[in-house]
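Participant: Below is one structure. I have some questions about it.
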Amino acid sequence: MEESEKTPQIVQVLEALKQATHDIQRHHTSDSPAVKALLELQPILSSSDPNLCALSEHLNHLKTLIHSLNNSKGLRSFLTRPLSTHSLSRLAASIEYEIQGWIDRETLLALSTSLRNPNENINELVAMLTQFRDRVSQGFNRELQDLVLKLKLFSSLETILLDEKCADRVREQAGLAVAALIGFNKDVFVGQVLMGPTVRALVSMGSVLSLEVLCSLIRSIRSPLVDEIESNGEIPRVMALLNSADLQLQVLALKCVMEIGYFGRKEAVEAMVKEGLLEKLVELQRSENGGDLIEIGKERVSAVLERHPFASCVARFAVQLEVGEGLRQREKRAFKPEILVRVRKASVSDAEAATIAAEVLWGSSP
């Protein structure tokens, strides 16, 4: 049997053993199928594998503790049993931790192999990437991080993102995995995003999921990532997606523009304005999916935006600049008159210009 075929079976067994540790922690019993299953694991562990030393020690301790619990009698047993069952629960938790580490090693090794042949089994690779994303989303783990770095998984994910021959589903899941790694440990992985091709790859994909990932990265990394988008000349490509025939993609592009407006420094905001962002926003607000929110109470705004995602988008962008953290106060004050001038030029009537100007001046976003 090939290694790639054995891995899922090993992981299934390990997941069952991890569930056994849950049963012990929950029921505090020393005589159960869960305990027997764990005790049967110890004799088959490889004594030469340094990764399994701690697990082997825990299982030896478990064997000793179980023997003590099952054979002690009398008053001393009655008095010490609560402490012993508590020790059993703690030991089961330690065994669970080691088994999870084993599962991580098996699954990440399999993922690393599959990433080198991304078109071989697309469904399996998508499932692996989803599982990996779920795992790192559970929170920081030093051993897991060391394994990710040792296997150079981040570089493999970026390679997939850049490879236009890969299926879009695989590339999108790779992007989601990158975003999950940023959440896992920003200090370690942000630098790799800023120095690598992730942003360029996400923008070039131009899909709903890739833009969702980009928005997530902007929120996580903030101004430094927007600086990277602007310096790499990606802003015009992001804004071009506002012209998409796909409404969902247009909405995500608008969301991305809003995030750039909130976190972007002067150079990024100026780049969007020079590319005709305000004129495009006026056009979107005028469309059937637009409208204005100036007469609507704040409690109803979110409901209206679900049906009309471009409603009051000019004022919403102005609010992002006003409350955002990328611009200095004097820069914020300087942009507002320019917004009003461009709105007047882009409007088809004085009434439209007056409505949008009023929203910009007084605000319409909660």
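Participant: Return yes or no: is residue 249 modelled with pLDDT of 95 or more, of a type outside the set (Lys, Arg) and either surrounded by 18 or more Cβ atoms within 10 Å (Cβ to Cβ) or outside any helix (DSSP H, G or I) (or both)?
Facilitator: Yes; evaluated as a whole, the condition is true for this residue.
Participant: Please note which helices (runs of 4 or more DSSP H) are completely contained in region 87-203 and include at least 3 residues that are crowded, with 21+ Cβ neighbours inside 10 Å.
Facilitator: Answer list for region 87-203: 122-136, 153-162, 168-184.
Participant: Shifting gears a bit: Considering only residues that are surrounded by fewer than 20 Cβ atoms within 10 Å (Cβ to Cβ) and either of a type in the set (D, E, K, R) or within 18 Å of residue 227 (Cα to Cα) (or both), look in region 325-340 and name the one that is nearest to the chain's Cα centre (by Cα).
Facilitator: Here the answer is 325.
Participant: Kindly provide the set of residues from region 230-246 that are polar (S, T, N, Q) and outside any helix (DSSP H, G or I), ordered by number.
Facilitator: Result: 232, 244.
Participant: Within region 302-324, how many residues are buried (at least 17 other Cβ atoms within 10 Å of the Cβ) and under 18 Å from residue 266 (Cβ atoms)?
Facilitator: 7
Participant: From (1) over 21 Å from residue 135 (Cβ atoms); (2) at pLDDT 95 or above, pick out the condition that doesn't hold for residue 98.
Facilitator: (1)
Participant: OK, next. Being farther than 25 Å from residue 154 by Cα and among the small types (Gly, Ala, Ser): is that true of residue 276 here?
Facilitator: It is true that residue 276 is farther than 25 Å from residue 154 by Cα and among the small types (Gly, Ala, Ser).
The values are calculated or read from the model by the stated rules, or taken from the named source; none is laboratory data. Computed from a prediction, not measured in an experiment: that's the story for all the values here. Positions of Cβ are backbone-derived with ideal geometry, glycine not excepted, and every protein chain shown enters the neighbour counts.
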